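Just so it is clear, none of the values below were taken in a lab; they were calculated from the coordinates. Treat the numbers as computed from the prediction; the structure is a model and nothing was measured. Here the Cβ is made from the backbone with ideal geometry for all residues, glycine too, and neighbour counts use every protein chain on show.
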Amino acid sequence: GFITSYRRLLESIGPQDAEQVFYHGLISGIDHADLLEARAPKPTLHVTTTRDFFSIQGARETEREVKRAFAELGSPENYRKVEDDYEHGFTRKNNEATYSFFQQHLDLPGDPTEHSYPYLTKEELTVTETGQISTSMQCETAFSINKREAKPMLKSLALSRSSLETHVPKILNQAQRLSGFRSSSSMHAEPFFRGQYQRSGYRVEKWGLQGEGNYILPTLVFVPDGPGPFPAIIFAHSEGKQVEAKVGGQLERLVKQGFVVAAVDLLGFGETKFYRANGHADVQPFYNAQLAGRSVVGINAGDTLQVFEYLSQRNDVRGEQVGAIAVGATGPAVLHAAAFEKRIEWVVLHESLSSYESIVQNEFYKVNANALVAGALTAYDLPDLVASLAPRKCVISNPRNHLDEPADRSVIKETLEVALDSYSAAQSEGKLLVARGDQSLTDLASWCAKREGE
């Protein structure tokens, strides 16, 4: 059965199906034992197997705690755990214990012994027109409920946007809270130098930068030949820094334009990609962070600022001329970081998700969970963060929709309305650029880095 304990779950296979992951559950003190204790002293049967992928050790520890709760409430006989030596599934012993439990507490006559019966045919099992209750009976689904619940949130957000002067400061505070962002005014550990190698016109330094927690952010720093100081770029790619690190790659083109470039693998990307590859692996970091009251986006936003601090402190970098480029699913994290840190001079978001609203409005979507912030739409969306960047330069390059496909022009215009209004109010309409097609990141970075009068 599913009931084990969060400690043992996190030590083993990690969080599983979405309905089992309570929003901010762990930070709110909710564990599996609490679910059973909430039923006490009502009759409760806990069914387990010893070789289940849900930890039997956790199940036994939970049993001991729950037993005490039922005893304290004067009904120790109303809690029972049955255990059999099997994998994740049903056994005769456990089934018969279940039959007996319902017979006893629902006062049902009969013999709890399990008998063999012929299976029902497909025709006998098909009792709806489509074979699906949700479509045959026009039932609610998780999507329809979420879409309905989001409607008043989006209406409230639209109303708030009508007053940008109060809206922008408010959403910045809410974005920090909801994303679980934690600020760090300076590097809290010495960067670790791992070597370097020379290429034509520049060198590549290998660094390990301290992340927020007990982990290293693998970082390649591309440095032009010459005395400097140079403008700098934080570069984060959802496929990992190595994608553009080769000779002739995007990073070489940027460094040859005179930028120091720190290409970092944020959590969940490149070298720091989650080590599991099957089951629920693609959403487990998102679930883990959510249980702890955080988000991968918020954590990565903080780590992006660690990279910013590192660059700002280098002697060969002009600390007041540091921008950021995010490619793919790293976009939301870098956008959050730039919104929270006004010293980041400019931002390029390439092939990044255009809005969280697009996900709740569409039943089917394809998105990296590490780019999401649970509960964000209660207060803000990604275009609101873009709005907060005004009057700094920002490029939205080939934005993506909910299916990770190029977003339609009409959708982009509607989605970015609050950002366009904000830049207009700041008299900096020309500093927000929506780029489509094959404009190179080098050209976009050069446009962003060019200052008035240069």
Self-check item: Loop-resident sites, region 363-454, for chymotrypsin sites (Phe, Trp or Tyr not before Pro), counting at most 11 other Cβ within 10 Å (DSSP)
Solution: Phe364
Self-check item: Cross-link partners of Lys42 among lysines (Cα-Cα below 27 Å; sequence separation of 8 or more within a chain)
Solution: Lys67, Lys81, Lys93
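Can you pull out the chymotrypsin sites (Phe, Trp or Tyr not before Pro) in region 260-301 whose DSSP state is coil and whose Cβ has at most 13 other Cβ atoms within 10 Å? Don't skip to the answer; put the middle values down first.
Numbers: sites: Phe269, Phe274, Tyr275, Phe286, Tyr287; in loops: Phe269, Phe274, Tyr275.
Counting only loop positions with at most 13 other Cβ atoms within 10 Å, the chymotrypsin sites (Phe, Trp or Tyr not before Pro) in region 260-301 are Tyr275.
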Practice problem: Express in whole angstrom the spacing between the alpha-carbon centres of region 284-352 and region 187-250. | Solution: 15
Quiz item: Under the definition of Cα pairs under 8 Å and six or more residues apart, what whole-number percent is the relative contact order of the chain?
Solution: 13
Self-check item: Share antiparallel - DSSP beta bridges, region 192-449, percent rounded to 5
Solution: 45
Practice problem: Evaluate the relative contact order of region 192-449 (contact order divided by residue number), counting alpha-carbon pairs under 8 angstrom at least 6 apart; express in whole percent. | Solution: 16
Quiz item: Which shape class applies to region 192-449: rounded if a/c is under 1.5, otherwise prolate when a/b exceeds b/c and oblate if not, where a ≥ b ≥ c are the square roots of the Cα gyration tensor eigenvalues?
Solution: oblate
Quiz item: What residues qualify as long-range amide H neighbours of His46, i.e. H under 5 Å apart, gap of 5 or more or another chain, H built at 1.01 Å from N?
Solution: Arg80, Lys81, Val82
Exercise. Would you work out the relative contact order for region 6-117, in percent, from Cα pairs under 8 angstrom that are 6 or more residues apart?
Key: 26
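How big is the antiparallel share of DSSP beta bridges in the chain, given as a percent to the nearest 5? Provide the component values of the computation, followed by the final result.
Details: 21 of 53 bridges.
Counting only bridges with both partners in the chain, antiparallel ones make up about 40 percent.
Going by average Cβ neighbours within 10 Å, how do the peptides 85-98, 21-34 rank, with the highest at the top? Working shown, then result.
Working: 85-98: 14.2, 21-34: 16.1.
Most protected by this proxy first, the peptides run 21-34, 85-98.
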Quiz item: Cross-link partners among lysines for Lys342, C-alpha distance below 20 Å, same-chain residues fewer than 8 apart left out?
Solution: Lys170, Lys393, Lys431, Lys450
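How much net charge surrounds Glu77 when only other residues with a Cβ under 15 Å from its Cβ are counted (Lys, Arg +1; Asp, Glu -1)?
Local charge sum for Glu77: +4.
Where nothing but the Cβ of Lys and Arg (+1) and of Asp and Glu (-1) is charged, how large is the charge dipole of region 1-115 around its Cα centre, in debye to the nearest 20?
240
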Self-check item: Crossing angle, helix 56-72 versus the chain [Cα axis fit, 0-90 degrees, rounded to tens]
Solution: 60
Quiz item: Helix 331-340: angle to the longest alpha-carbon principal axis of the chain, degrees 0 to 90, nearest 10?
Solution: 70
Exercise. On a 0 to 90° scale, report how tilted helix 296-312 is relative to the longest principal axis of the chain, with both axes built from alpha carbons and the result rounded to the nearest 10.
Key: 30
Quiz prompt | Cα-centred dipole magnitude for the chain, charges only on beta-carbon of K, R (+1) and D, E (-1), debye, nearest 20 | solution = 1300
